[in-house]
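A short write-up of the structure that comes next.
The values are calculated or read from the model by the stated rules, or taken from the named source; none is laboratory data. All values reported here derive from a predicted model rather than from experimental measurement. Note that we place each Cβ from the backbone using ideal geometry, even for glycine, and neighbour counts take in every protein chain shown. The area values use the complete protein model at the heavy-atom level, side chains included, leaving out ligands, DNA and RNA. Shrake-Rupley method; radii C 1.70, N 1.55, O 1.52, S 1.80 Å.
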Amino acid sequence: MAARGSCVSRQRQVLFLFLLGGLCLAGSELGRYSVTEETERGSFVANLAKDLGLGVEALAAKRTRVVCDDNKQHLFLDSHTGDLLTNEKLDREKLCGPTEPCMLYFQILMDNPFQIYRAELRILDINDHSPIFQDKKMILKILENTAVGTTFRLERAQDSDGGRNGIQNYTISPNTFFHITVHNSDEGMIYPELVLDKALDWEGQPEFSLTLTALDGGSPPRSGTATIHILVLDINDNAPQFPQELYEIQAPENSPIGLVVIKVTGEDVDSGVNAEISYTFFDASEDIRATFQINPFSGEITLKALLDYEFIKSYKLNVQAVDGGGLSARCTVLVRVLDVNDNAPELIMSSLVNEVVENSPETVLAVFRINDRDSGENGKMVCHIQENLPFLLKPSVDNFYILMTEGALDRESRAEYNITITVSDLGTPRLTTQHTIRVQVSDINDNAPAFNQTSYTLFVRENNSPAMHIGTISATDSDAGSNAHITYSLLPTQDLQMTLTSLVSINADNGQLFAIKALDYEALQAFEFHVGATDRGSPELSSQALVRVVVLDDNDNAPFVLYPMQNASAPYTELLPRTAEPGYLVTKVVAVDRDSGQNAWLSFQLLKATEPGLFSVWAHNGEVRTTRLLSERDVPKHRLLLLVKDNGDPPRSASVTLQVLLVDGFSQPYLPLPEVAHNPTQGEEDVLTLYLVIALASVSSLFLLSVLLFVGVRLCRRARAASLGGCSVPEGHFPGHLVDVSGTGTLSQNYQYEVCLMGGSSGTSDFKFLKSIYPEVHAYSSQDNSDGNPTF
């Protein structure tokens, strides 16, 4: 029966019943071909390229293939010539038995697009089998009073060939009592009958031995013989009789061996030996004799082998009953085999693709055919795949199905699918066949590497060792194989003043970053660059991330004293008037530290002083102030040793030495005095030296004062200034931006000042300090003190 199916589009489960109906994809009839049986392998059948109207290259491009209905490769297609050739010697009798004509049905499958062509191959018979009688010797008992013209049917011979090569005639050896006639049966076969030509005489000739010959129609003809042994019997008036000539019974194909199918009983009204009946099969084929057996005494017919509906659907048994006198009767037993659901559906794979490239459009993965050898409801089938899979199962012609992808697949979502094709029949109980296809989704480079974070911040302490590992960046790629192999690299940047490769390097395989050289926080506090991650796909895909390296400060710089300036020859000297009040600002130590944070937090400490209780240093701003009033007992020269210390770990420090000279006023000329003697034995020499210095300073001061007074008077006269409280200074000789400095305090002798001479009523003149023209010094923690004295 031809299979038809209903077209169900875009569904996971497909119901395909072997009913008449429409098909999704229609097949085409290609034609009928023929080939003689027993021809050698590779014999030419047809040129498919010519019959299909295609070239040989087109056949190969469409993956043309031949599939036979019995799932055996009887034929093959030569891809170089397009010829359809036999794949083996074809035995018509083995393939079709007595059926004539012997047809082999096959399909031609092509892809791109998918097409099916149906074709038939007739296997022509040759006369390669001789007729054979099942019984080489037949015994025939005939009553002597049998009328002339009586016919006796004889067992026919068996010939595996068909058509003209089958049995065409029967002959018998020459004699005067019998001849042979040939008749056609209702099964399309001929059988011989023995005709009595002359009355028998048991007393004259009690037996005959004749040769029966069966001839086929081959060229040359083949023949087979059997011997007929005829026994002439004395008169037996009554032959056995069966109640009916035809018995019809049904037997399920799963009936056990030994089951009594039927019991036939004949009756004979004679008595004695003539009433004793024996039962035998008459004119039974080899299949019947192999499947059934009959009890010769009881007439019970039992199963000798299992029945198979798919192989033989019915049997016709001829039963003969013979009494003791040689008379016989015949009846026919028709055994119909009932189908049971004992065959699971079959799935025959025609083509299969186990790998599909991701992102590909709809792709055909498999072409297969389903079959169930049962019939009726037992042979109806449904075919489906599991749900929630991106695949479609489409029915085609002749029970063919196409398994294809529903759309593009994504390997990163799922790299492998196990598709189970389930075929179930509708019998009771249902039988199911499953076939699992493993489909791999091959990768393409459709995913760029992705960093774990868009930016990285790495902290490195300065003075690190060269080639030190400072951090690792990481990226992942959802692809596989070489498409997921990531190479890391430094991307060029224009922001850094120095070359990036002189600062850091990166391991191309694992993304580890290394500092090339020791970093210096004071030179470079932080820098940024981009790192790229590139896969090895084709084409290559890449991404990048920002890396910021922050250099952490280390306490590697000692404080540096800006003021007072130090030199190796002599300490810095400050002047302190003896009239200074407690808290008087003597000077301010100004220092800086190139480090940052707490490493640059400076504190000041007075380590050593000539008079420890006279001076103090403020710890946070470095101001040196007096702690009490000065007295005449205080030595005129003091030496202070100050310590400037940062807050690092471990802390670093710097020291500064300061000399303070006590003077009566800023008008007193300053002469450097020798250091205060620490040895009591040198006291007298020190006092004498001090007097000489004071005297020399006084004379020099008077001389200088006279010169200044002279210059001042001349300048004032030229300007004709009438006021005695102000001073006249000609333009061009002194700057016009002079600023008065209020308050008192000591200033360094290394500073230069702009001065103006003032006249007083007492006739004495003093210098008024106005403004320092020393360049401004930017220092750490500079501020004004609370008493108005200038600080640095």
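Give me the orientation-averaged projected area of the Cα convex hull of segment 560-663, in nm², one decimal. Intermediate results must be reported in sequence, preceding the final value.
Numbers: hull surface 26.0 nm².
Result: a mean projected hull area of 6.5 nm².
FRET efficiency for N647 and A523, Cβ-Cβ distance as r, R0 = 35 Å, nearest 0.05?
Values: r = 22 Å, r/R0 = 0.63.
The computed FRET efficiency comes out at 0.95.
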Amide N proximity, segment 298-317 versus L259 label position 7 Å along Cα-to-Cβ, cut-off under 12 Å:
302-309
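Taking 41 Å as R0, compute the FRET efficiency from the Cβ-Cβ separation of E207 and L306 and round it to 0.05.
Values: r = 42 Å, r/R0 = 1.03.
My answer for the efficiency is 0.45.
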How long is the gain from S655 to D556 if the chain were fully straight, where each residue apart is worth 0.36 nm and the alpha carbon distance is subtracted?
34.0 nm
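Sort the following peptides by mean Cβ neighbour count (other Cβ atoms within 10 Å, averaged over residues), highest first: 451-458, 324-331.
Working: 451-458: 13.8, 324-331: 19.2.
Peptide ranking by packing, descending: 324-331, 451-458.
At 4 °C and 1.567 mPa s, grab the translational diffusion coefficient of segment 246-338 from Stokes-Einstein with a Kirkwood Rh over Cα pairs, rounded to a whole number in µm² per second.
Details: Rh = 13.7 Å.
Reported coefficient: 95 µm²/s.
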For K89, counting only lysines whose alpha-carbon sits under 27 Å away and dropping same-chain residues fewer than eight positions off, the answer is K50, K72
Could you rank W202, W601 by how accessible they are, 1.4 Å probe, largest area first?
W601, W202
Show me, for segment 74-88, the HN-Hα J-couplings you get by feeding each phi into the Karplus relation (A = 6.51, B = -1.76, C = 1.60, θ = phi - 60°), rounded to Hz, glycine and proline as x.
6, 10, 8, 9, 7, 5, 7, 10, x, 7, 8, 10, 6, 9, 6
Starting from the 7 Å offset along Cα-to-Cβ, what nm value, one decimal, do you get for the label separation of Q453 and K198?
12.5
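Quantify, in whole percent, the carbon and sulfur part of the accessible surface of segment 346-442 (1.4 Å probe; protein heavy atoms only).
Details: 1710 of 3890 Å².
Answer for segment 346-442: carbon and sulfur cover 44 percent of the accessible area.
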Grab the Cα-Cα distance for H530 and Q544, subtract it from 0.36 nm times how many residues apart they are, and report the gain in nm with one decimal.
4.4 nm
Give me the number: length gained by fully extending V273 to T499, i.e. 0.36 nm times residue separation minus the C-alpha to C-alpha distance, one decimal in nm.
68.5 nm
Can you pull the three principal axis extents for the Cα set of segment 179-229, in Å, largest first?
44, 25, 14
Please compute the modelled spin-label separation between I139 and R714, points set 7 Å along Cα→Cβ, answer in nm with one decimal.
18.5
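Checking the table K136/K316; K136/K313; K608/K637; K141/K263 against a 19 Å threshold on Cα-Cα, which pairs fail? Numbers along the way, then the final one.
Details: K136/K316 22 Å; K136/K313 29 Å; K608/K637 14 Å; K141/K263 25 Å.
Over 19 Å Cα-Cα: K136/K316; K136/K313; K141/K263.
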Given the protein chains as shown and a 1.4 Å probe, how many square angstrom of F76 are accessible, to the nearest 10?
60
Compute the distance in nm between two label points, each set 7 Å from the Cα along the Cα-to-Cβ direction, one at L690 and one at S596.
5.2
